[in-house]
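Trainee: Below are the structure tokens for one structure; questions will follow.
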Amino acid sequence: MRALHFDGTTASLIDAAEPQRADGDAVIDVTLAGVCNTDLELTKGYMGFTGILGHELVGVVADGPAEWRGRRVVAEINFACGGCEWCARGLGRHCPTRRVMGILRADGAFAEQVAVPVANLHAVPDGVADEAAVFVEPLAAAFEILEQVRVEPGQSCIVLGDGKLGLLAAQVLHAAGADVLAVGKHAGKLAHLARRGVRTVRLDEWVRERAALVVEATGSAAGFEMAVAATEPRGTLVLKSTVAHGAPLNLAPLVIDEITVVGSRCGPFAPALAALASGAVDVGALISARRRLRDGVAAVQQAAQPGVIKVLLEP
Ligand SMILES: [Zn+2]
Ligand SMILES: [Zn+2]
């Protein structure tokens, strides 16, 4: 089958063997896959990953238990062992021996087929189109903020970054009742949020007010310092960016302003699917391009261009 593979140096299209279905796995025919900032970081060396890229997908179960076969599904990306202390506590996303689809010791979804544990499958409600369902994984990452931080109605909140995750996090916090200000560099991207009733400002016009809750989703090491400065004393700073290259950080402002820093990664799929079904979050405007998997190398490069939001791949 056709697949977009990263060998540690370059991403290229290969003719890969079809995935082997281990016990407890299902094999999914991939309908659509999304290119994520993490994929771009992986191709710069993040996690030292080699294998088939891709962790955002919607597809149809081709092989697996009878009750799943033929169903339209999305799949959680952390493949937990199911038997350790962390898994027993319901924290399989932190299982120390987990594999992660397209990120850590597991092939991903930029392929005609991908194998995932049946435990990771979620059926897609009929009212949610493939073009929306493919956003479930990054949207779940935005919902993780609500799992970790208590958000009061009317609470001031600044979201830094108008990339995919910033645009989703701003919508999720807005839907949760927070008073959100989204700060970004691209007028076109911010316009999607303004249409949803979210206050937005371009970074170069921002007066640098502070908020009790700040979400850093710039995807850049420089964003951290700006996010610390935007967090009120005793406030909470949620970090969403994973960047391949570390930078020296001055942590003193965190101490001086007694800021709580919350690292935030993958989140729950159920509220994300519900938000797509109810229309509480809109992702349609975030699709910049839809490309064939055979053009996958160019598609990944396109996803890195300024102004581009989500690039979808179609096997
Ligand atoms: Zn991702
Ligand atoms: Zn485990």
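Trainee: Among the numbered criteria (1) at pLDDT 95 or above; (2) not in a helix (DSSP H, G or I), which single criterion is violated by ALA169?
Mentor: Of the numbered conditions (1) at pLDDT 95 or above; (2) not in a helix (DSSP H, G or I), the odd one out for ALA169 is (2).
Trainee: Same structure, new question: Identify the residue in segment 1-49 that is in contact with a strand residue (DSSP E or B) (Cβ under 9 Å, 6 or more places away or on another chain), part of a loop (DSSP other than H, G, I, E, B) and among the polar types (S, T, N, Q) and, among all such residues, is surrounded by the most Cβ atoms within 10 Å (Cβ to Cβ).
Mentor: Only one residue fits best here, namely THR43.
Trainee: I would also like to ask the following. Return only the number of the condition from (1) in a loop (DSSP other than H, G, I, E, B); (2) closer than 17 Å to ARG265 by Cβ that GLU67 does not satisfy.
Mentor: GLU67 satisfies every listed condition except (2).
Trainee: Turning to a different aspect of this structure: For segment 89-110, which residues satisfy the criterion of being within 16 Å of ligand 1 (Cβ to nearest atom) and either free of Cβ contacts under 8 Å to residues at least 12 places away in the same chain or touching a helix residue (DSSP H, G or I) at 6+ places or on another chain (Cβ under 9 Å) (or both)?
Mentor: ARG93, ARG98, VAL100, MET101, GLY102, ILE103, LEU104, GLY108, PHE110, listed by residue number.
Trainee: Also: Looking only at segment 132-179, which residues are closer than 25 Å to LEU91 by Cβ and away from ligand 1 (no atom under 16 Å from the Cβ)?
Mentor: LEU146, GLU147, GLN148, VAL149, ARG150, VAL151, LEU173, ALA176
Trainee: Now for a separate question. Name the residues in segment 160-191 that are surrounded by fewer than 24 Cβ atoms within 10 Å (Cβ to Cβ) and closer than 18 Å to SER278 by Cα, would you?
Mentor: HIS174, ALA175, ALA176, GLY177
Trainee: Here is a further query. Using the structure shown, decide if ASP29 is without any contact (Cβ under 8 Å) to a residue 24 or more places away in the chain and either among the charged types (D, E, K, R) or under 21 Å from ALA133 (Cα atoms) (or both).
Mentor: Details: without any contact (Cβ under 8 Å) to a residue 24 or more places away in the chain: no; either among the charged types (D, E, K, R) or under 21 Å from ALA133 (Cα atoms) (or both): yes.
No: the conditions fail for ASP29.
Trainee: So, one more: Select from segment 90-134 the residues that are within 13 Å of ligand 2 (Cβ to nearest atom), assigned to a loop (DSSP other than H, G, I, E, B) and not charged (D, E, K, R) and list them in ascending order.
Mentor: GLY90, LEU91, CYS95, PRO96, THR97
Trainee: Can I ask one more? Within segment 16-58, restricting attention to residues that are more than 16 Å from ligand 1 (Cβ to nearest atom) and more than 26 Å from ARG71 (Cα to Cα), which residue is modelled with the lowest pLDDT?
Mentor: Taking the candidates together, the pick is GLY45.
Trainee: Another one. For ARG71, indicate whether it is at pLDDT 95 or above and not acidic (Asp, Glu).
Mentor: yes
Trainee: Tally the residues that are within 16 Å of ligand 2 (Cβ to nearest atom), among the small types (Gly, Ala, Ser) and in contact (Cβ under 8 Å) with a residue 12 or more places away in the chain, restricting the search to segment 46-83. First the steps, then the outcome.
Mentor: The initial filter retains those residues of segment 46-83 that are within 16 Å of ligand 2 (Cβ to nearest atom), namely 76-83.
This time we only want the ones that are among the small types (Gly, Ala, Ser), so: 80, 82-83.
Okay, now just the ones that are also in contact (Cβ under 8 Å) with a residue 12 or more places away in the chain, so 80, 82.
The number of residues fulfilling the criteria is 2.
Trainee: Considering only residues that are part of a strand (DSSP E or B) and surrounded by fewer than 21 Cβ atoms within 10 Å (Cβ to Cβ), which ones fall in segment 212-234?
Mentor: ALA212, GLU232, PRO233, ARG234
Trainee: Just to be sure before I move on: is TRP86 touching a helix residue (DSSP H, G or I) at 6+ places or on another chain (Cβ under 6 Å) and either assigned to a loop (DSSP other than H, G, I, E, B) or of a type in the set (Phe, Trp, Tyr) (or both) in the structure I sent?
Mentor: yes
Trainee: Also, quick follow-up: Are any of the residues in segment 177-200 among the β-branched types (Val, Ile, Thr), at pLDDT 95 or above, over 20 Å from the mean Cα position of the chain (by Cα) and in a strand (DSSP E or B)?
Mentor: So far as segment 177-200 goes, yes, one or more of its residues are among the β-branched types (Val, Ile, Thr), at pLDDT 95 or above, over 20 Å from the mean Cα position of the chain (by Cα) and in a strand (DSSP E or B).
The values are calculated or read from the model by the stated rules, or taken from the named source; none is laboratory data. As the structure is a prediction and not an experimental result, all values here were calculated from the model. Don't worry about glycine lacking a Cβ; one is built from the backbone with ideal geometry, like all the others, and counts go over all protein chains shown.
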